[in-house]
Structure formats: structure tokens, C-alpha cells
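Please read the structure below before turning to the comments.
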Amino acid sequence: MLELKNLWVRYGKKAAVRRLSLSVNKGDFVTILGANGAGKSTTLNAISGLVKVKKGQGEIVFKGEKINGLKPGKIAARGLIQIPEGRKLFPLLTVKENLMMGAYLRKDRKGVQHSMDRALTLFPDLKDKLNADGRELSGGQQQMLAIARGLMAEPELLMLDEPSLGLSPLLRQLLAERIKEIHREGVTLILVEQNARLGLMLASYGYVLENGELALQGKTSDLMLDENVKKAYLGV
Amino acid sequence: MPPAGIWIDGLIQSCAYMTMAFGMVLVFSILGILNWTHGQFYMLGAFVVYYAITAVGIPFPLGLLAAGVLVAGLSILVKKIIIDHITGDLYVGVATMGLIFFFEGAASMIFGMQDKGLARVLPGVVDLGSFSVSYQKIAVVSFTLVIMIILFIMLNFTRIGLAIRATAQQPDAASLYGVSVERLSLTVMGIGCGLAAMAGGIIAPLYTINPFIGGIPMIMSLLAIVIGGLGSLTGAIVGGLILGFLNSVVAYHLSYLSEVVLFMLVVIILLVRPQGLFGASVK
Ligand SMILES: Nc1ncnc2c1ncn2[C@@H]1O[C@H](COP(=O)(O)OP(=O)(O)OP(=O)(O)O)[C@@H](O)[C@H]1O
Ligand SMILES: [Mg+2]
């Protein structure tokens, strides 16, 4: 469904992602792990078109078509949606307006209403807050809203960038349940996590980035047992 | 108390400042720049109305519309030809400052430097007992109210309004969900500068017109949005009213000292509330 072929992403002269190749099949649940500054967000932003991939710096193929060079909106319109790091909610829009922004490109009113109902079933806390401003929500609710907004775009492939950041263990647990549910409903997932334990627990395949390069990949059940992964990312 | 006429003049000036300020707020919110040529778009709007009436002979409202549309087009060219090719807010600011001289010079060459005036475009007055108000002034106030209502409806109840507010607050997320920030910037530049032109056009029949009339409204509307809160349209309304009345009512009592009062007030407001009276994002 998604394939990166020998991707390089540079900020000025500095390469933040180097010769990265990876592939995600329909229905997969993939995690990308790595320390601070490993290039995880850069990878997602390149896929989403927020960061430009220059000519000859590799290829990004989604559903059989090359998408590098397209504007973020065109990529989103194909069903490839990112829920960005740090939530990036619209603080002065109401919860409802935030959700509507997720559906900005959609014309099918009925479908949008259906997505809204589905998102609110998944995150019932938001139901009472529809008219509150985004900034009035608690941290946990904000993360739920960020995910709900992403679902409003009707993703086929959903990329989540560190959704667990700043959440209490209890909320992290709840979040994990919700993410599993989204996957069960048929959405292909890429989960970027610094919290390696969470990523490995949820996903079935993992990629480990170090300094912008692919250091390791494999089934999460194998990665969990890998000595280097244990030492570097699981703290055991 | 100053006579009613002074208050009405204050209101008229407020209206021009507010309409200008709305445009500056919109442009600032989406493009992240202060457009220093806003005052010259105001001046050009006044000239378009002047020539539309005197040379072409079309009615005032159509002339006003023409001013908005022509200057909107011009501002889109300015964005495409100049602003888009310069990186860094500071450098864009300097470039638009340079355009002040370009437009003032070009207007002087084309239209001449001497004052022009439009006589009695909307003749007649409404008698309110102890004083009267001309239709021309009523038109200015009504026009400004209509602009406010249109902007309010556009921002709060339309798709493009939602996109404008979202982009002002969080441009990355807006573009992730499909807003073309590039296209929106062009639209907003056109609307914002078109508003400046219509502000100049609507009050053109009340004042003299020459290539240099843009400077003071530019400074006043800039101050209005700074004290109101960069990015807040409510702030632009309040700031515009404060400055319009300061300029007329306080000037009535204190003459030139009123400008000292004005700047002291701005400094005091910013010392107490550095973010301006109404905070900082389109709402
Ligand atoms: N906009 C930018 N301009 C310049 N350099 C950047 C930019 N964004 C990221 N970088 C650099 O690129 C590298 C990768 O950053 P990236 O944000 O992709 O890391 P990450 O894996 O997502 O880290 P984290 O877990 O902290 O979010 C870092 O060295 C970072 O400093
Ligand atoms: Mg990151």
C-alpha cells in the first residue's frame, strides 16, 4: 500500500533521513521506533508532503502511484492521513469545528456525519465538549480530539506521531485500546513512538531508526527479544 | 462636549481605519506579514473611485466595487511577483515598504500631485434637529457595518472562513487536512487589500485626494490592530473606534497635542497588555 524507496530528506545540507526503504501492506500495523532526533517525524512529514523530497532523493509510492511532489492536501485526499506530533489542534476552534476541519476535503455530507458519529462513539468524552474551544480540553482529551479529527478524513492509512506523549499510564492504556479498535475497523496504521514498549506491544512489524538510517527491522515479537533493542529502547 | 459634527467626523475616520485594519488583520493572520503598502492601496482605491465617477461616469457604488476588484488584482500581482520570491518576514516588510514609494511615485506621475476633490456624489442631508448628517457620511457608516457583517458571516459560517481561522491558528495542521495555504494566501491578500481600496474609495468624496493620502490611515490602522491585538477583528473594531475618536474629539480640545495623547495611550495599553486588548488570533 505504501512504499518508501531509498528515501533521503534534507534540511539544508543536513540529511535527517538517509536511504530509507520500507513498505506497509494493506491492513498492516507497523511501528517506527527511534530516539529523539532519529528522523521519525521527518519521515512522516515527507510522506505527508509537509517536507519536500527533492528530485532524485528517492520515491514514495502510495496505492501504486508516486506521491512525492504532491501538495499535502492532495496526499490527504487519497486517504493517507497523519495525526501530527504535539496534536496541532486548532486552539480557538470549537471541538466540532476541529472535527469538521478533519473532513475539510470531503463533500459527502452523509459520510461526514457518519464519521462524526463513529469518532464520537470511539471517544465519548468529546460528545459533551463539542462547543468548547480546543484549548479548553485536558491533555488527554486533546489527544483524543487529534485522533478523532484524523478519523474524520476517512483514512485508509493513518500515521500517528507519538500519540502517547504526555499522557498518564492510565490514559496511555485507554489510547492503546482505541488505536487497536481503529485497526480492527480496517484502517492500516503506522505508529511512531519513542515509547518503544507501546509500539512493540501494539504493532506487528517494526522499523528502528538511528540517526536517520534504518538500523533494524522485523516482527515486533522478534524485536522485543533482540538484545540491542532491549538495551537501547526497553531499558532492560 | 465637542459639537456633534466632531463626533461624527470621529466615527467616519474610525470607519476608514476599521475597514483598513480588517484587511491588515486578515493578511497578517494568514501570510504572517504586515503589508506596509496597505495605505497606498487605500490611496489607489480613492483614485479609482474618483476617475470612475469623473472620467468614466459610472455610479459611485460601481466605482467602489471597481476599486476593490482592481486593487485586489493588483495586490495579488504584488504577492506573486514580489512577496513570494522573498524569504523572511523582515525582508518582505522592507520590500512592501519600498512599494510605498513606488506607488506614490507612480500615482504622482499618472494622476498628478495636486489635490482633487469629488463634489456631492451623494447630495443631501438628514436633519436630526440640532444637527444634520450628510448622506455621504451615512453611506460610509452603513458600508462599514455591511463589511463587518459580511466578514463575520464569512469567517464563522462558511467553509473558506473555517479554513482562514484554522490556517491562522495552525497552518501545518490545516494543510495536512487539505487547505491549500498558497491559494488561501492569495485570496486573503486580495480580500485584505481590496478592503483597503474600498476604505479609500468610500470616504473619497469627503476629503481631498492626492497620491500621499495613504500614510496616515496606514499608521492609524496599524496602531488600531496593535492595541486591539494583532490578529483579532474585534480588536480592530475597538482599536479603530478609539483612534478615530482620539483623532477628532481629542484633537478638538488639544489640537496637535492629541497625537502625543494618542501615542501615550498606545504605549500604556501595550505596557499593560502586550498582546493587545483582544489577544492574538482570528476569531
Ligand atoms: N524543520 C527543521 N529544520 C531543520 N532541522 C530539522 C527540522 N526538523 C527536524 N530537524 C532535524 O532533523 C532531525 C530529525 O528530526 P525529527 O523531528 O524527524 O526526529 P524524531 O525522530 O521525530 O524525534 P522526536 O522523537 O524527538 O520527535 C533532527 O536532528 C532535527 O534536529
Ligand atoms: Mg518526532
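Condition first: away from ligand 2 (no atom under 16 Å from the Cβ), hydrophobic (A, V, I, L, M, F, W, C) and buried (at least 17 other Cβ atoms within 10 Å of the Cβ). Now tell me which residues in segment A:185-208 satisfy that.
A:Val187, A:Leu189, A:Leu200, A:Leu202, A:Ala203, listed by residue number.
Restricting attention to segment A:58-80, and to residues there that are hydrophobic (A, V, I, L, M, F, W, C) and more than 10 Å from every other protein chain (Cβ to nearest Cβ), which single residue is surrounded by the most Cβ atoms within 10 Å (Cβ to Cβ)?
Of the residues in segment A:58-80, the ones hydrophobic (A, V, I, L, M, F, W, C) are A:60-62, A:67, A:70, A:75-77, A:80.
Adding the requirement that they be more than 10 Å from every other protein chain (Cβ to nearest Cβ) leaves A:60-62, A:67, A:70, A:80.
On the way: A:Ile60: 23, A:Val61: 15, A:Phe62: 20, A:Ile67: 19, A:Leu70: 18, A:Leu80: 27.
Out of the qualifying residues, it is A:Leu80.
Could you go through segment A:142-161 and let me know if any residue there is modelled with pLDDT under 90 and not aliphatic (A, V, I, L, M).
We begin by selecting, within segment A:142-161, every residue modelled with pLDDT under 90; these are none.
No, because not a single residue in segment A:142-161 is modelled with pLDDT under 90 and not aliphatic (A, V, I, L, M).
Across segment A:116-131, what is the number of residues that are more than 14 Å from chain B (Cβ to nearest Cβ) and touching a strand residue (DSSP E or B) at 6+ places or on another chain (Cβ under 9 Å)?
So the answer is 2.
For segment B:1-118, please list each of the helices (runs of 4 or more DSSP H) lying entirely inside it that holds at least 1 residues being touching a His at 6+ places or on another chain (Cβ under 6 Å) and under 30 Å from B:His253 (Cβ atoms). Walk me through it before giving the result.
Values: elements: B:4-31, B:38-51, B:60-81, B:89-111.
Once the helices (runs of 4 or more DSSP H) in segment B:1-118 are filtered for at least 1 residues that are touching a His at 6+ places or on another chain (Cβ under 6 Å) and under 30 Å from B:His253 (Cβ atoms), what remains is B:4-31.
Answer yes or no: is there a residue in segment B:234-252 that is within 18 Å of the chain's Cα centre (by Cα), within 14 Å of chain A (Cβ to nearest Cβ), not in a helix (DSSP H, G or I) and not aromatic (Phe, Trp, Tyr).
No, there is no match, as no residue in segment B:234-252 is within 18 Å of the chain's Cα centre (by Cα), within 14 Å of chain A (Cβ to nearest Cβ), not in a helix (DSSP H, G or I) and not aromatic (Phe, Trp, Tyr).
A:Ile182 is checked against (1) surrounded by fewer than 17 Cβ atoms within 10 Å (Cβ to Cβ); (2) under 23 Å from A:Arg109 (Cα atoms); (3) touching a helix residue (DSSP H, G or I) at 6+ places or on another chain (Cβ under 8 Å) and fails just one. What number does that condition carry?
Going through (1) surrounded by fewer than 17 Cβ atoms within 10 Å (Cβ to Cβ); (2) under 23 Å from A:Arg109 (Cα atoms); (3) touching a helix residue (DSSP H, G or I) at 6+ places or on another chain (Cβ under 8 Å) one by one, A:Ile182 breaks only (1).
Yes or no: segment A:131-139 includes at least one residue that is in contact with a Lys or Arg (Cβ under 6 Å, 6 or more places away or on another chain), away from ligand 2 (no atom under 16 Å from the Cβ) and at pLDDT below 95. Show your work before the answer.
Applying the first criterion (in contact with a Lys or Arg (Cβ under 6 Å, 6 or more places away or on another chain)) to segment A:131-139 yields none.
Within segment A:131-139 (the criterion being in contact with a Lys or Arg (Cβ under 6 Å, 6 or more places away or on another chain), away from ligand 2 (no atom under 16 Å from the Cβ) and at pLDDT below 95), the answer is no, since none of the residues qualifies.
In the set B:Leu162, B:Leu176, B:Leu206, which member is more than 11 Å from chain A (Cβ to nearest Cβ) and among the aliphatic types (A, V, I, L, M)? Can you show your working first?
Numbers: B:Leu162 fails: more than 11 Å from chain A (Cβ to nearest Cβ); B:Leu176 fails: more than 11 Å from chain A (Cβ to nearest Cβ).
Unique residue meeting the criteria: B:Leu206.
Take the residues of segment A:81-90 that are within 10 Å of the chain's Cα centre (by Cα) and within 17 Å of A:Leu105 (Cβ to Cβ): which is surrounded by the most Cβ atoms within 10 Å (Cβ to Cβ)? Don't jump to the end; show me each part of the working.
Narrowing segment A:81-90 to residues within 10 Å of the chain's Cα centre (by Cα): A:81-85.
Checking the rest, the ones that are also within 17 Å of A:Leu105 (Cβ to Cβ) come to A:81-84.
Numbers: A:Ile81: 26, A:Gln82: 30, A:Ile83: 27, A:Pro84: 22.
Step by step, filter segment A:81-90, then rank; the result is A:Gln82.
Please state which one of B:Ala163, B:Ala197, B:Ala173 is part of a helix (DSSP H, G or I), on the phi < 0 side of the Ramachandran plot, small (Gly, Ala, Ser) and in contact (Cβ under 8 Å) with a residue 60 or more places away in the chain. Lay out the reasoning, then the answer.
On the way: B:Ala163 fails: in contact (Cβ under 8 Å) with a residue 60 or more places away in the chain; B:Ala173 fails: in contact (Cβ under 8 Å) with a residue 60 or more places away in the chain.
Of the residues listed, the single one that is part of a helix (DSSP H, G or I), on the phi < 0 side of the Ramachandran plot, small (Gly, Ala, Ser) and in contact (Cβ under 8 Å) with a residue 60 or more places away in the chain is B:Ala197.
Taking only segment A:112-143 into account, find how many residues are part of a loop (DSSP other than H, G, I, E, B) and buried (at least 17 other Cβ atoms within 10 Å of the Cβ). It would help to see each step written out before you state the result.
To start, the set of residues in segment A:112-143 that are part of a loop (DSSP other than H, G, I, E, B) comprises A:123, A:130-132, A:137-138.
Those left that are additionally buried (at least 17 other Cβ atoms within 10 Å of the Cβ): A:123, A:137.
Looking only at that region, the number is 2.
Taking segment A:18-67, which residues are more than 16 Å from ligand 1 (Cβ to nearest atom), free of Cβ contacts under 8 Å to residues at least 60 places away in the same chain and within 24 Å of A:Gln194 (Cα to Cα)?
So in segment A:18-67, the residues more than 16 Å from ligand 1 (Cβ to nearest atom) come out as A:21, A:23-29, A:55-56, A:59, A:61-67.
Those still in the list that are free of Cβ contacts under 8 Å to residues at least 60 places away in the same chain too: A:23, A:55-56, A:59, A:61, A:64-67.
Within segment A:18-67, just A:Ser23 meets the criteria.
Among the candidates B:Thr167, B:Thr187, which residue alone is farther than 29 Å from B:Ala204 by Cβ and either surrounded by fewer than 21 Cβ atoms within 10 Å (Cβ to Cβ) or within 14 Å of chain A (Cβ to nearest Cβ) (or both)? Step through it out loud before you land on a result.
Working: B:Thr187 fails: farther than 29 Å from B:Ala204 by Cβ.
The unique qualifying residue is B:Thr167.
May I ask you to verify whether B:Gly231 is within 14 Å of another protein chain (Cβ to nearest Cβ) and surrounded by 22 or more Cβ atoms within 10 Å (Cβ to Cβ)?
Numbers: within 14 Å of another protein chain (Cβ to nearest Cβ): yes; surrounded by 22 or more Cβ atoms within 10 Å (Cβ to Cβ): yes.
Considered against the rule, which asks whether it is within 14 Å of another protein chain (Cβ to nearest Cβ) and surrounded by 22 or more Cβ atoms within 10 Å (Cβ to Cβ), B:Gly231 comes out as yes.
The values are calculated or read from the model by the stated rules, or taken from the named source; none is laboratory data. The shown structure was predicted, so the numbers you read here are calculated from the model rather than taken from an experiment. Here Cβ is always computed from backbone atoms with ideal geometry, including for glycine, and neighbour counts include all displayed protein chains.
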